[in-house]
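Worksheet: one structure, shown below.
The values are calculated or read from the model by the stated rules, or taken from the named source; none is laboratory data. Please read these numbers as outputs of a predicted model, since none were measured by experiment. Cβ coordinates were reconstructed from backbone atoms using ideal geometry, including for glycine residues, and neighbour counts include every protein chain displayed.
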Amino acid sequence: ETGVTQTPRHLVMGMTNKKSLKCEQHLGHNAMYWYKQSAKKPLELMFVYSLEERVENNSVPSRFSPECPNSSHLFLHLHTLQPEDSALYLCASSHGYIQYFGAGTRLSVL
Amino acid sequence: GIQVEQSPPDLILQEGANSTLRCNFSDSVNNLQWFHQNPWGQLINLFYIPSGTKQNGRLSATTVATERYSLLYISSSQTTDSGVYFCAVAPGGSEKLVFGKGTKLTVNP
């Protein structure tokens, strides 16, 4: 248990659906991150929020929309995804250099 | 951008064996972390080690920043050590961790 909780753990959606991934941390951290892990590829940083402000948007398509309503919660809103978006989506938080990861949401887009 | 290379890509061990995993990086960093990802996808931070040597039980790590590499040592391996080990680095002033492709470790009983 790392203190970072992600829901749901598994998600199957069609290309026309809209869904949201949720991440919650109660570690008192001030930065939160979304990563994408595809098969055979390194983890890719998608978004960084520091003190609830987005400080990094790593050329992610607009069909992924992050939201950080407060320092403990982070969402990733998904719409009109493509099959190649199927992956493990990981959330992390940090205060300083060390990042703590959630268990991930395994997303399948049909 | 900074490049991170990990070796070997795959490693199979018998329980009780020792191993060394390597991470090379292409530029100076002020943040280097080793992670273990278990078969269920959970990433656990093992070490924050931008330089020097640290030990935690059967695991230890050494980073030689001037030569741009880090080593992770696993002694007396156990089946629960199986999974993928990632090295991740960030250049000075950046919060952006860049991950290597990982070393997949399988420990057989």
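Looking at (1) on the phi > 0 side of the Ramachandran plot; (2) at pLDDT below 95, which is the only condition B:Arg68 fails?
Every condition holds for B:Arg68 apart from (2).
Give region B:48-64 a look and list any residue that's within 23 Å of A:Ser94 (Cα to Cα), out of contact with any helix residue (DSSP H, G or I) (no Cβ under 9 Å at 6 or more places or on another chain) and not aromatic (Phe, Trp, Tyr), or say none.
Hits for region B:48-64 are B:Ile49, B:Thr53, B:Lys54, B:Gln55, B:Asn56, B:Ser60, B:Ala61, B:Thr62, B:Thr63.
Cβ-Cβ under 6 Å, sequence separation 6+ or interchain: first residue in region A:29-48 and of a type in the set (Val, Ile, Thr), partner surrounded by fewer than 20 Cβ atoms within 10 Å (Cβ to Cβ) and in a strand (DSSP E or B). Which pairs?
A:Val48/A:Val55; A:Val48/A:Glu56
Would you point out which residue out of A:Leu81, A:Leu88 is at negative phi and either assigned to a strand (DSSP E or B) or within 13 Å of another protein chain (Cβ to nearest Cβ) (or both)?
Details: A:Leu81 fails: either assigned to a strand (DSSP E or B) or within 13 Å of another protein chain (Cβ to nearest Cβ) (or both).
Checking each option against the conditions leaves just A:Leu88.
Would you check if there is a residue in region A:45-67 being surrounded by 17 or more Cβ atoms within 10 Å (Cβ to Cβ), at pLDDT below 95, away from chain B (no Cβ under 14 Å) and in a loop (DSSP other than H, G, I, E, B)?
No, that holds for no residue.
Report, by residue number, each residue of region A:13-44 that is in contact with a Gly (Cβ under 7 Å, 6 or more places away or on another chain) and within 11 Å of chain B (Cβ to nearest Cβ). Let's see the steps before the verdict.
Our first condition is that a residue be in contact with a Gly (Cβ under 7 Å, 6 or more places away or on another chain); within region A:13-44, this holds for A:23, A:25-27, A:42.
Listed by number, the list holds a single entry, A:Pro42.
Could you say whether any residue in region B:97-107 is of a type in the set (D, E, K, R), surrounded by 16 or more Cβ atoms within 10 Å (Cβ to Cβ) and part of a loop (DSSP other than H, G, I, E, B)?
Taking every residue of region B:97-107 in turn, at least one turns out to be of a type in the set (D, E, K, R), surrounded by 16 or more Cβ atoms within 10 Å (Cβ to Cβ) and part of a loop (DSSP other than H, G, I, E, B).
Residues that are in contact with a Pro (Cβ under 9 Å, 6 or more places away or on another chain), of a type outside the set (A, V, I, L, M, F, W, C), under 18 Å from B:Gly92 (Cα atoms) and surrounded by fewer than 17 Cβ atoms within 10 Å (Cβ to Cβ): does region B:13-27 have at least one?
Looking for residues that are in contact with a Pro (Cβ under 9 Å, 6 or more places away or on another chain), of a type outside the set (A, V, I, L, M, F, W, C), under 18 Å from B:Gly92 (Cα atoms) and surrounded by fewer than 17 Cβ atoms within 10 Å (Cβ to Cβ), one finds at least one in region B:13-27, hence yes.
Please enumerate the residues belonging to region B:49-93 that are in contact (Cβ under 8 Å) with a residue 60 or more places away in the chain and under 14 Å from B:Val29 (Cβ atoms). Break it down stepwise before answering.
Of the residues in region B:49-93, the ones in contact (Cβ under 8 Å) with a residue 60 or more places away in the chain are B:76-79, B:85-93.
Correct list: B:Cys87, B:Ala88, B:Val89, B:Ala90, B:Pro91, B:Gly92, B:Gly93.
Can you tell me which residues in region A:91-109 are polar (S, T, N, Q) and within 11 Å of chain B (Cβ to nearest Cβ)? Write out each step before concluding.
First, pick out the residues of region A:91-109 that are polar (S, T, N, Q): A:93-94, A:99, A:105, A:108.
A:Ser94, A:Gln99, A:Thr105 - these are the residues of region A:91-109 that are polar (S, T, N, Q) and within 11 Å of chain B (Cβ to nearest Cβ).
Can you list residue pairs whose Cβ atoms sit under 7 Å apart, with the first residue in region A:84-99 being closer than 25 Å to A:Gly28 by Cα and the second being among the β-branched types (Val, Ile, Thr) and part of a strand (DSSP E or B)? Count only pairs 6 or more apart in sequence or on different chains.
Filtered contacts from region A:84-99: A:Tyr89/A:Thr105; A:Cys91/A:Val4; A:Ala92/A:Val4; A:Ser93/A:Val4.
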